[in-house]
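Novice: This structure is in structure tokens; I'll ask about it shortly.
The values are calculated or read from the model by the stated rules, or taken from the named source; none is laboratory data. Since we're looking at a predicted model, the values are computed, not measured. Every residue, glycine among them, receives a Cβ derived from its backbone with ideal geometry; neighbour counts consider all protein chains shown.
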There are 2 protein chains.
Amino acid sequence: MDTTIHDTIRVPGFLGSSVAAGVKSGGGRDLSLIFSDVPARAAGVFTTNRFKAAPVVLDLERISRHHSQCIIANSGNANAATGEEGYRDAVAMSKAVSDRLGIDDGLVLVASTGIIGERLPLEKIVGAVGPLVEGLSADGISAAAEGIMTTDRFPKVAWRMCSVGGKEITVCGIAKGAGMIEPNMATMLSFVLTDAHIGQDCLDGVFRESADRSFNAITVDGCMSTNDTAIILANGMAGNSSIDTRSNGLTAFRDALFDVMESLARDIVRDGEGATKLIEIVVESAKTAGDARKVAYAIARSNLVKTAFFGEDPNWGRIISAAGSTGVPFSTTSLDLHIEHVPLFINGRGVAGKDAAEVMKKDTIRVFVRLGMGDATFRVYASDLSHEYVDINALYRT
Amino acid sequence: MDTTIHDTIRVPGFLGSSVAAGVKSGGGRDLSLIFSDVPARAAGVFTTNRFKAAPVVLDLERISRHHSQCIIANSGNANAATGEEGYRDAVAMSKAVSDRLGIDDGLVLVASTGIIGERLPLEKIVGAVGPLVEGLSADGISAAAEGIMTTDRFPKVAWRMCSVGGKEITVCGIAKGAGMIEPNMATMLSFVLTDAHIGQDCLDGVFRESADRSFNAITVDGCMSTNDTAIILANGMAGNSSIDTRSNGLTAFRDALFDVMESLARDIVRDGEGATKLIEIVVESAKTAGDARKVAYAIARSNLVKTAFFGEDPNWGRIISAAGSTGVPFSTTSLDLHIEHVPLFINGRGVAGKDAAEVMKKDTIRVFVRLGMGDATFRVYASDLSHEYVDINALYRT
């Protein structure tokens with residue numbers, strides 16, 4: 001994918017940059033900075049893992065203040081399972097950048113991704129903060145997206161405009177994903193930047209709702225990381241009248257935000273470790289949304305289903321068996337299964353024809369499971385399971 | 001593994017045989033029979049998948065009568081997702097053997113394993129019932145174990161003796177496993193034969209309890225099949241005074257039974273599709289057994305953990321991260337992790353030394369996670385995740 005297409009992406013009032021600080025052993029950009037000209041409203045969604053990385057612990061404290069002005073993020077080292085020292089390292093990383101920028105240290109958010117359990121190479125990071133701040137520019141958002149990549153094959157940037165009360169609002173998100181992608185967002189970082197003027201409760205609500213339907217509706221390998229972080233900064237520089245839960249602008253803003261986050265979520269799955277296909281699993285006519293979600297995830301997480309997709313095998317037996325393993329109530333004769341437009345299982349019987357093998361050759365494949373029990377729906381994006389996944393994860397660390 | 005070691009295994013009053021009926025496309029034995037000289041007490045544990053294969057539906061009806069005299073089982077075709085016709089095929093398969101044996105058809109149990117969604121090749125099976133019954137012999141139990149293999153690399157047979165009231169009792173089990181091995185026993189068949197005289201309630205209870213600690217405590221790929229079946233037949237021919245919940249013999253019988261079932265369970269994991277290692281995950285000092293189980297399974301099912309073991313990488317970060325993702329309460333500083341005798345994570349910090357890499361080279365590896373919250377323990381056996389797993393499952397069907 002050509003990264004240069006992102007070079008013209010700007011969000012009013014935001015600057016970005018990244019440098020190679022030497023955290024990653026292989027070289028390359030590994031330290032990113034996002035800066036807002038003015039303190040921005042901030043909201044975040046973080047890993048629920050009991051082992052929270054030091055920067056997540058720090059951010060959880062700071063985001064309760066509802067305002068932030070900058071995000072510093074490194075790749076190559078997760079600063080996770082590093083105890084008290086790790087927490088102090090995260091604070092020191094923050095302090096280095098707030099001193100340089102001349103802002104209140106409490107306005108800095110920190111994120112790290114990479115190897116677990118090793119101390120952050122703090123000297124390298126602190127030493128690189130000068131060039132990092134120097135490099136800040138309005139065109140630097142895509143550079144920031146590059147600096148947070150780990151095993152990602154391409155930087156992830158999404159961008160939308162919307163209009164609120166005659167003012168143009170920009171919503172732009174960057175993300176990194178690849179491994180450990182799973183409901184509560186495993187090793188995933190995403191920073192969403194907008195110049196919208198929006199109330200705090202409204203920002204919290206709409207960001208969490210969008211995260212639930214995007215980053216929390218994808219799976220690569222069923223693992224949840226210690227570092228998952230999604231942050232939105234809204235600096236209000238669009239000058240719109242404040243969006244709140246009763247305002248007309250909310251729908252437009254919500255749609256743009258969801259669009260950006262869903263686009264990033266799809267890119268994360270498409271770039272899942274070793275992924276050769278993007279599988280969209282849509283469970284329909286479930287009794288409850290919870291039922292639909294359970295069935296969708298059971299299919300999305302099944303290694304047998306994932307390997308079948310890698311092998312381009314329309315193995316409907318594995319799909320219905322995964323659906324049947326959940327305890328969710330449905331009748332085995334009312335369930336039907338299509339892959340794209342091709343029926344595979346109807347009225348309790350397999351009906352796969354020759355089209356089935358053909359449709360499995362696509363890069364993006366949609367699976368429709370109808371339970372015939374009600375009106376609830378859930379959609380999840382999953383990757384397939386390939387040799388490359390095994391290679392990457394058997395050899396990542398040693 | 002040398003299968004001839006099993007040829008002398010006998011259980012008083014039981015006969016076994018198997019033939020190549022042509023169900024499997026590649027040839028080889030694919031139809032097995034176990035027969036007891038007299039009707040035996042029977043108990044069973046079956047898949048909880050909503051899509052139950054036809055033979056499972058039939059067995060659930062019949063086992064409620066508490067007596068069976070024979071089990072006929074085929075490999076190569078699961079007779080699952082085959083609708084009403086599939087059920088009639090299972091009944092016809094049963095009828096063919098009960099007619100030939102001259103027994104009440106209700107005393108026959110049926111099992112099938114293999115491809116889902118295709119009609120059973122009934123003519124081939126019915127045609128092979130003659131030679132199958134002819135071939136019955138007291139030495140034929142290991143032959144029956146061979147006839148139920150699918151992608152298994154070796155037949156699974158375990159055998160123990162115990163003494164109850166001065167009478168020698170034999171407990172012998174055969175099993176097939178390989179793919180889809182998961183808590184509620186996914187594509188797994190196991191038949192346990194004993195000459196013990198035992199009360200029905202006692203047999204039900206002790207068999208279910210042993211299944212929970214053996215077949216329901218293993219995982220290969222997190223998938224639950226439509227065909228999982230574990231059956232015990234107790235024909236009473238040892239002539240012991242009946243074992244019941246108050247009798248002294250219960251402990252000896254329970255220990256022998258658990259030994260047999262655990263041995264089969266370990267063999268199933270060791271022979272998991274593409275498995276190169278047997279990983280025993282022991283979670284200790286949890287607050288409740290449910291907590292211990294949740295943490296053990298989160299580790300056992302993690303593809304990141306499984307690929308790390310395949311790569312012989314002592315990646316403790318993935319293990320503690322999996323433990324932390326469960327919602328089970330524990331303190332991140334009280335958790336400690338050892339692999340065999342080697343400490344990897346203590347007091348909230350990684351402490352892996354050079355021994356860690358060394359210990360990962362073993363074929364069977366024990367992982368100890370202590371939560372420091374109470375006295376509950378759970379142990380699960382898991383396999384690693386290899387290239388061969390991907391090969392087998394990407395190419396199994398088409």
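Novice: Name every residue in region A:262-282 that is farther than 16 Å from A:Lys362 by Cα and within 14 Å of chain B (Cβ to nearest Cβ), in order of residue number.
Specialist: Answer for region A:262-282, where residues must be farther than 16 Å from A:Lys362 by Cα and within 14 Å of chain B (Cβ to nearest Cβ): A:Gly272, A:Glu273, A:Gly274.
Novice: So is A:Ile63 among the hydrophobic types (A, V, I, L, M, F, W, C), over 25 Å from B:Ile319 (Cβ atoms) and at pLDDT below 90 or not?
Specialist: For A:Ile63, the condition - among the hydrophobic types (A, V, I, L, M, F, W, C), over 25 Å from B:Ile319 (Cβ atoms) and at pLDDT below 90 - is not met.
Novice: Of the numbered conditions (1) in contact (Cβ under 8 Å) with a residue 40 or more places away in the chain; (2) within 22 Å of A:Phe215 (Cβ to Cβ); (3) out of contact with any Cys (no Cβ under 8 Å at 6 or more places or on another chain); (4) surrounded by fewer than 19 Cβ atoms within 10 Å (Cβ to Cβ), A:Leu250 fails exactly one; give the number of that condition.
Specialist: Among (1) in contact (Cβ under 8 Å) with a residue 40 or more places away in the chain; (2) within 22 Å of A:Phe215 (Cβ to Cβ); (3) out of contact with any Cys (no Cβ under 8 Å at 6 or more places or on another chain); (4) surrounded by fewer than 19 Cβ atoms within 10 Å (Cβ to Cβ), A:Leu250 violates only (3).
Novice: Just one of (1) in contact (Cβ under 8 Å) with a residue 40 or more places away in the chain; (2) over 24 Å from the mean Cα position of the chain (by Cα); (3) closer than 22 Å to A:Gly272 by Cα trips up B:Ser331, so point out which.
Specialist: Condition not satisfied by B:Ser331: (3).
Novice: Follow-up question, since we're still on this one. Output the residues belonging to region B:347-369 that are under 28 Å from A:Thr48 (Cβ atoms) and modelled with pLDDT of 90 or more.
Specialist: The answer is B:Val367, B:Phe368, B:Val369.
Novice: Of all residues being in a strand (DSSP E or B) and of a type outside the set (A, V, I, L, M) in region B:218-244, which is modelled with the lowest pLDDT? Just the residue, please.
Specialist: If we take residues in region B:218-244 being in a strand (DSSP E or B) and of a type outside the set (A, V, I, L, M), then B:Thr219 is modelled with the lowest pLDDT.
Novice: Moving on. Filter region A:47-59 for residues that are touching a residue at least 12 places away in the same chain (Cβ under 8 Å) and within 13 Å of another protein chain (Cβ to nearest Cβ) and give the result.
Specialist: A:Thr47, A:Thr48, A:Asn49, A:Phe51, A:Lys52, A:Ala53, A:Ala54, A:Val56, A:Val57
Novice: Quick check, is B:Ser75 within 20 Å of B:Ile232 (Cα to Cα), of a type in the set (S, T, N, Q) and modelled with pLDDT of 95 or more?
Specialist: So B:Ser75 does not fit the description; no.
Novice: So B:Cys172 fits all but one of (1) in a loop (DSSP other than H, G, I, E, B); (2) within 21 Å of B:Ala230 (Cβ to Cβ); what number is the exception?
Specialist: B:Cys172 satisfies all of (1) in a loop (DSSP other than H, G, I, E, B); (2) within 21 Å of B:Ala230 (Cβ to Cβ) except (1).
Novice: Count, please, the residues in region B:296-328 that happen to be among the hydroxyl-bearing types (Ser, Thr, Tyr) and under 27 Å from the mean Cα position of the chain (by Cα).
Specialist: 4
Novice: Then there is this: Looking at this structure, is B:Ile243 in contact (Cβ under 8 Å) with a residue 12 or more places away in the chain and within 12 Å of chain A (Cβ to nearest Cβ)?
Specialist: No.
Novice: Out of all the residues in region A:118-148, which are part of a loop (DSSP other than H, G, I, E, B) and out of contact with any helix residue (DSSP H, G or I) (no Cβ under 6 Å at 6 or more places or on another chain)?
Specialist: A:Glu118, A:Arg119, A:Pro121, A:Gly135, A:Leu136, A:Ala138, A:Asp139, A:Gly140, A:Ile148
Novice: Still on this structure, please answer the following. Residues of region B:101-117 being under 24 Å from the mean Cα position of the chain (by Cα) and not in a strand (DSSP E or B), which ones?
Specialist: Within region B:101-117, B:Leu107, B:Ile116, B:Gly117 qualify.
Yes or no, residue by residue, for (1) surrounded by 24 or more Cβ atoms within 10 Å (Cβ to Cβ); (2) at pLDDT 90 or above; (3) within 22 Å of B:Arg62 (Cβ to Cβ):
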residue	(1), (2), (3)
B:Met161	no, yes, no
B:Ile174	yes, yes, yes
B:Ala196	yes, yes, yes
B:Gln200	no, yes, yes
B:Leu203	yes, yes, yes
B:Glu209	no, yes, no
B:Arg213	no, no, no
B:Asn216	no, no, no
